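Here the structure comes first, spelled out in structure tokens, and everything after it is commentary.
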Amino acid sequence: MDLIIISIIGNGGVGKTTFTTQFCYFGSCYDSEWNYNFQQENYEKSHGFIVVYSIIDKYSFDELENYLNKIYKYKKTDDFPIIIIGNKNDLEDQRQIKKRRRRRICN
């Protein structure tokens, strides 16, 4: 079976590790610190991306565009999947990201 690398990226504290441990199965290895120093080589090796932001952290949403720009810069193609996840929806009363703004960047 071929190895498929899906990189989960986003600012610190947005819930990447929680998401990963709840919803992902790892056949061999999982490195939660790989994202800490995410470099060009990691972008190039990845077959797909999950970009996570927190709905209660405006800065994490503002950084989405930077992550997406880096992905497209280093992949040099648009033939790969990207999933954008707005995390911490259980804290709706603390929401800082308007749904209209979210739709604009995700399209």
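Computed values, structure above
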{"read-out": "Residues being under 28 Å from I56 (Cα atoms), modelled with pLDDT of 80 or more and assigned to a loop (DSSP other than H, G, I, E, B) - total across segment 1-42", "value": "6"}
{"read-out": "Members of segment 62-74 that are without any contact (Cβ under 8 Å) to a residue 12 or more places away in the chain and either acidic (D, E) or touching a Ser or Thr at 6+ places or on another chain (Cβ under 7 Å) (or both)", "value": "D62"}
{"read-out": "Filter pass, K45 being at pLDDT below 85, surrounded by 10 or more Cβ atoms within 10 Å (Cβ to Cβ) and either under 22 Å from F80 (Cα atoms) or of a type in the set (K, R) (or both)", "value": "yes"}
{"read-out": "Tabulated pairs, segment 75-94, first of a type outside the set (A, V, I, L, M, F, W, C) and surrounded by fewer than 11 Cβ atoms within 10 Å (Cβ to Cβ), second in a strand (DSSP E or B) and at pLDDT 80 or above, C-beta under 6 angstrom, 6+ apart or interchain", "value": "P81/G48"}
{"read-out": "Complete set of residues in segment 48-61 that are surrounded by 14 or more Cβ atoms within 10 Å (Cβ to Cβ) and outside any strand (DSSP E or B)", "value": "I55, I56, D57, K58, S60, F61"}
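The values are calculated or read from the model by the stated rules, or taken from the named source; none is laboratory data. On a predicted model such as this, the values are computed, not experimentally measured, just so you know. No Cβ is skipped: glycine too gets one built from the backbone with ideal geometry, and neighbour counts run over all protein chains shown.
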